[in-house]
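Report on one structure; see the data block that follows.
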Amino acid sequence: MTCEQAQELVKGRLSHKRYKHTVNVKNMAVELARRYGADEEKAALAALLHDAAKELPPQEMLQIFSDNAIMAKNAASRPSPVWHGIAAAILCATQWGVTDPQILSAIECHTTGKADMTLLEKIIYMADATSAERNYPGVEQLRQEEMQDLDMALLHSLQQSIAFVKKKGGKLDPQTVAACEDLQARIAQKG
Ligand SMILES: [Fe+2]
Ligand SMILES: [Fe+2]
């Protein structure tokens, strides 16, 4: 699938507001890819498709998981806000002809992060967290930090996300905790 096709596809599947978010995430992902020497084309495609399943009803996402149990792994038992990334990755692989495992995995973990993230996964996570329309407290600092030190920005973003879920009394996704601990250990090792 080309970026043009992906953009058309999500335009038809998403509200205007979320489509605009998607285009902003794409722009930020390309900027980060350029900054860190990642593949800009892959970053653009992953960003365009990252929220492609976000407006599906939960029942439909659960159906996608049960129809694709091997790819879905334990998705249904994870917190529902993370379902849409996994559902989008499955649709990409099974319906839309996206075969690149790096792209699929960046889409899959864009809400949660995970241990031992690739550069592309980090870029999509941060592009989603800092796209132009985001205006939560601290986002401007993350935007500056991500251009200087991607790992440090990612750690701070994961920590904020964990604090936010805890404050709201929501259920933490184990992958986010794993991502945070893994990154902390790596940063400590680097000194
Ligand atoms: Fe998302
Ligand atoms: Fe998003």
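Assorted remarks:
- Put a dot 7 Å past the Cα of LYS190, heading toward its Cβ, do the same for LYS73, and the two dots end up 2.4 nm apart.
- Dipole of the chain, positive end: most advanced residue of VAL98, ALA33, PRO57 [Cβ charges, Cα centre]: PRO57
- Per residue, the chain reaches -21500 deg cm²/dmol at 222 nm when only DSSP H runs of four or more residues are counted, each adding -39500 (n - 2.57).
- Relative contact order of the chain, defined on C-alpha pairs under 8 angstrom at six or more residues apart (%): 21
- Straight-line reach from LYS168: taking Cα to Cα under 28 Å and skipping same-chain neighbours fewer than 8 places apart, the lysines in range are LYS17, LYS20, LYS54, LYS73, LYS114, LYS122.
- Taken about its Cα centre, the range 3-190 carries a charge dipole of roughly 580 debye when the Cβ of each Lys and Arg holds +1 and the Cβ of each Asp and Glu holds -1.
- The chain: most fluctuating residue of GLU121, GLU55, GLU108 per GNM, C-alpha cutoff 10 Å: GLU55
- Across the protein chains, with a 1.4 Å probe defining accessible surface, the residues ASP151, ASP67, ASP39 rank ASP67, ASP39, ASP151 from largest area downward.
- Here the contact order of the range 34-133, divided by its residue count and restricted to Cα pairs under 8 Å and six or more residues apart, works out to 29 percent.
- One Cα centroid belongs to the range 102-160, the other to the range 6-49; the line between them spans 14 Å.
- Using alpha carbons only, the radius of gyration of the chain set against its Kirkwood radius gives Rg/Rh = 0.94.
- For the range 57-100, the relative contact order is 33 percent, taking Cα pairs closer than 8 Å that sit 6 or more residues apart in sequence and dividing their mean separation by the residue count.
The values are calculated or read from the model by the stated rules, or taken from the named source; none is laboratory data. Here the structure is a predicted model, which is why all the values come from computation and not from measurement. A quick note on method: Cβ atoms are made from the backbone with ideal geometry, for glycine too, and the neighbour counts reach across all protein chains shown. Each accessible area value is taken on the protein alone, full model and side chains, heavy atoms only, with ligands, DNA and RNA left out. Shrake-Rupley method; radii C 1.70, N 1.55, O 1.52, S 1.80 Å.
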